[in-house]
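Note sheet for the following structure.
The values are calculated or read from the model by the stated rules, or taken from the named source; none is laboratory data. Only a predicted model underlies this, so the values are computations on that prediction, with no experimental measurement involved. Every residue, glycine as well, gets a Cβ built from its backbone with ideal geometry; the counts of neighbours run over all protein chains shown. In case anyone asks, the SASA skips ligands and DNA or RNA and just uses the protein heavy atoms, side chains included. Shrake-Rupley method; radii C 1.70, N 1.55, O 1.52, S 1.80 Å.
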Amino acid sequence: MNRRRFISQTSLSSLATILGMEIAFGHKIPLGYTPLAVQDPDPFKLFNKDTGMTVLNNKPWNIEAKAHLLDDKVTPNKYMFIRNNGLIPENIDAKNWTLIIDGESVSKSKTYTLSELKSKFQQYTYQLTLECGGNGRSEFNPPAKGNQWTVGAVSCANWTGVRLRDVLDDVGIQSNAVYIGYHAADIHLSRNPEKEPISRGVPIAKAMQDETLLAFQMNGKDIPLAHGYPLRLVCGGWPASTSGKWVNRISIRDKVHDGAKMTGTSYRVPCEPVAPGEKVADEDMCIIESMPVKSLITYPKSGAIIKSGQTLNIRGHAWAGELEVQSVEYSIDFGSTWKPCSLQRPVNRLAWQHFSAAINNFPKKGYYEVWARAKDANGASQPMLLPGWNPKGYLNNACHRIAIKVS
Ligand SMILES: Nc1nc2c(c(=O)[nH]1)N[C@H]1C(S)=C(S)[C@@H](COP(=O)(O)O)O[C@H]1N2
Ligand SMILES: [Mo]
């Protein structure tokens, strides 16, 4: 009797797809063994990312953009950051994919296939800004553990799907519902099937917004594998950790969801400001909700050189969580004085807005910095250098800055 167990046919064919060739003796690969060529794959090829992207971590994959790569109005896949807490699910079978809606606050749980979701409910498309709560972490001092994101963990793509609200109305939600929590098919780094890499959620009011989608398309195509194929929850304007990828279950909770990375200090900041480096007790940490106002200069690339007397055209995007951005200004004197940029309205709620300015008041040759500062509808502005320090390094919405040489 042969006790050795071998790789499945589906895993073998997906390996062959990744490698772009047939694996000779492939059926002899022992179960659980990863061939060398895919142990350390080229992430840019693997995920169709631009080679200008920065890989911060490979186990799990975390990849960010650079400011100038985010110049498109709608972020294409090749420039979209990847933030994984665990391992990307293997052998996804979209045809048999199901979504379970359960939890304390449904009278009866209900299961939908992906094709039922698509055919039963009206479909909507929105441009939605997704920013990792830890974007900008690398600037905090004392440093916070975790991925050292600079400015590139933000995107605004077109997401198509059905409204979570329509699905929840179909299931029937009880009046004691407080929160939703997603569960997904990704694999814990320990490969322990009992553990979830991440299971977060949002209050019922956010879940019920028009723009909160169960999405199956990104930029008009099936969602790329790394971004949640075949089904993803998208909650624009909130920490992107609330937008569960590869989602297969949503629990309607009668209390604040207590899944992985909802409790303790995860995705929480001190409820009251603290001094840099101060220890904060878990009970004094509050869950991050809407993301703060922020902007990014996406053109030109930092380091651009112009001739004396030449106009410098800048452009970029600004966003403010649940709010609209009211104005964007720029400074060429390290924040002493500010001038207005022109700013477009968002194409829909929770989409980033585009700004631009023609700068022609550089007084002499030399080194300059262009700083951009956005203000939200409530009048809150970005801090110039750093916002309040917090133990986990979240919510750095400091002004973005580019270097310019006038020669
Ligand atoms: N299932 C699942 N969903 C997830 C994550 C994850 O690791 N697993 N990461 C979250 C975090 S922390 C972020 S910032 C966003 C990143 O989305 P992206 O990789 O599509 O840019 O996905 C969120 N959804
Ligand atoms: Mo994140």
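Pairs meeting the criteria (first residue in the stretch 229-248 and under 12 Å from ALA94 (Cα atoms), second residue within 14 Å of ligand 2 (Cβ to nearest atom) and open to solvent by less than 10 Å² (accessible area, probe 1.4 Å), beta carbons under 6 Å, at least 6 apart or on different chains) are TRP246/GLY228; VAL247/TYR182; VAL247/LEU233. Output the residues belonging to the stretch 307-320 that are open to solvent by 10 Å² or more (accessible area, probe 1.4 Å) and either among the β-branched types (Val, Ile, Thr) or on the phi > 0 side of the Ramachandran plot (or both). Scanning the stretch 307-320 gives GLY309, THR311.
Conditions tested, residue by residue: (1) modelled with pLDDT of 95 or more; (2) closer than 24 Å to LYS118 by Cα.
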| residue | (1), (2) |
| --- | --- |
| GLY181 | yes, yes |
| ALA184 | yes, yes |
| SER190 | no, no |
| GLU196 | yes, no |
| PRO230 | yes, yes |
| LEU233 | yes, yes |
| PRO239 | yes, no |
| SER243 | yes, yes |
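Residue pairs whose Cβ atoms lie under 6 Å apart, separated by 6 or more positions or on different chains, with the first residue in the stretch 71-84 and touching a residue at least 12 places away in the same chain (Cβ under 8 Å) and the second part of a loop (DSSP other than H, G, I, E, B) and crowded, with 19+ Cβ neighbours inside 10 Å, are LYS78/LYS49; TYR79/ALA65; PHE81/ALA65; PHE81/GLY152; PHE81/ALA153; ARG83/CYS132.
Look through GLN382, GLN353 and report the one residue that is touching a Phe, Trp or Tyr at 6+ places or on another chain (Cβ under 9 Å), open to solvent by less than 20 Å² (accessible area, probe 1.4 Å), polar (S, T, N, Q) and not assigned by TED's automatic domain parsing to the domain that holds PRO239. Of GLN382, GLN353, the one residue that is touching a Phe, Trp or Tyr at 6+ places or on another chain (Cβ under 9 Å), open to solvent by less than 20 Å² (accessible area, probe 1.4 Å), polar (S, T, N, Q) and not assigned by TED's automatic domain parsing to the domain that holds PRO239 is GLN353. It is to be established whether one or more residues within the stretch 210-229 are among the polar types (S, T, N, Q), assigned by TED's automatic domain parsing to the domain that holds PHE121 and on the phi > 0 side of the Ramachandran plot. Checked against the condition, which is being among the polar types (S, T, N, Q), assigned by TED's automatic domain parsing to the domain that holds PHE121 and on the phi > 0 side of the Ramachandran plot, the stretch 210-229 yields at least one hit.
Remark: pairs (first residue in the stretch 174-191, at positive phi; second residue of a type in the set (Ser, Thr, Tyr); Cβ separation under 9 Å; 6+ apart in sequence or on different chains) are absent.
Here THR265 clears all of (1) modelled with pLDDT of 95 or more; (2) part of a loop (DSSP other than H, G, I, E, B) except the condition numbered (1).
Just one of ILE305, ILE252 is part of a strand (DSSP E or B) and out of contact with any Asp or Glu (no Cβ under 8 Å at 6 or more places or on another chain); which is it? Break it down into steps so the answer makes sense when it comes.
Numbers: ILE252 fails: out of contact with any Asp or Glu (no Cβ under 8 Å at 6 or more places or on another chain).
Criteria check complete, one pass: ILE305.
Assess whether SER109 counts as being under 20 Å from GLY228 (Cα atoms) and open to solvent by 40 Å² or more (accessible area, probe 1.4 Å). Judged against the criteria, SER109 is not a match.
Scan the stretch 269-302 residue by residue and report those that are closer than 24 Å to ALA207 by Cα and either in contact with a Gly (Cβ under 9 Å, 6 or more places away or on another chain) or in a loop (DSSP other than H, G, I, E, B) (or both).
We begin by selecting, within the stretch 269-302, every residue closer than 24 Å to ALA207 by Cα; these are 269, 271, 285-294.
Residues satisfying the conditions are VAL269, CYS271, MET285, ILE288, GLU289, SER290, MET291, PRO292, VAL293, LYS294.
May I ask you to verify whether LEU117 is within 16 Å of ligand 2 (Cβ to nearest atom) and either within 23 Å of VAL234 (Cβ to Cβ) or in a loop (DSSP other than H, G, I, E, B) (or both)? Answer is no for this residue. Here GLY52 does not fit the description of being part of a loop (DSSP other than H, G, I, E, B) and open to solvent by 40 Å² or more (accessible area, probe 1.4 Å).
Of the residues screened, ASP210 is one that is more than 23 Å from PHE81 (Cβ to Cβ) and more than 16 Å from ligand 2 (Cβ to nearest atom).
Determine if the stretch 95-107 includes at least one residue that is outside any helix (DSSP H, G or I), over 17 Å from the mean Cα position of the chain (by Cα) and not assigned by TED's automatic domain parsing to the domain that holds ALA157. So far as the stretch 95-107 goes, no, none of its residues is outside any helix (DSSP H, G or I), over 17 Å from the mean Cα position of the chain (by Cα) and not assigned by TED's automatic domain parsing to the domain that holds ALA157.
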